[in-house]
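I have placed the structure first, in the form of structure tokens, so that the comments after it can refer back to it.
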Amino acid sequence: GEYGFTNQKCGMACCWSIKNPEYPERVYKTTSGITALDFSLQNPNLLAVGMYNGTIAVYNVRFSSQLAILDSNETPSNHLGPVWEIKWIEREYHAGEERSENIITSS
């Protein structure tokens with residue numbers, strides 16, 4: 001990515017395996033530079049990515065598909081600036097409820 005908002009280039013997130021540390025096992029190309037990322041604690045195969053253009057995407061690294069399983073471009077409430085921090089936060093739960101997480105971001 002680039003620091004100038006108007007000069008943005010594509011971004012990339014790569015995931016390596018211990019089996020082959022020389023070449024990434026998964027490569028996720030994005031339309032904007034990646035500024036933050038975090039793996040889910042409850043579902044470690046889920047990778048949340050924040051981008052310079054305000055987009056948030058979630059990838060399932062368990063599968064070889066390069067498509068995001070969630071993408072904030074499909075929602076009307078996007079960040080207006082770069083996503084500087086992204087974090088999976090465990091929600092409070094009560095007896096009988098399933099544990100779940102929310103994604104918290106800041107820009």
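None of the figures in this text is laboratory data; all of them are computed from the coordinates on show. Here the structure is a predicted model, which is why all the values come from computation and not from measurement. Neighbour counts run over all protein chains shown; Cβ positions are idealised from the backbone, glycine included.
Observations, loosely collected:
- Checking each residue in the range 70-107 for being among the β-branched types (Val, Ile, Thr) and without any contact (Cβ under 8 Å) to a residue 12 or more places away in the chain picks out only 75.
- Only residues that are in contact (Cβ under 8 Å) with a residue 40 or more places away in the chain and under 13 Å from the mean Cα position of the chain (by Cα) were counted across the range 29-42, and they come to 6.
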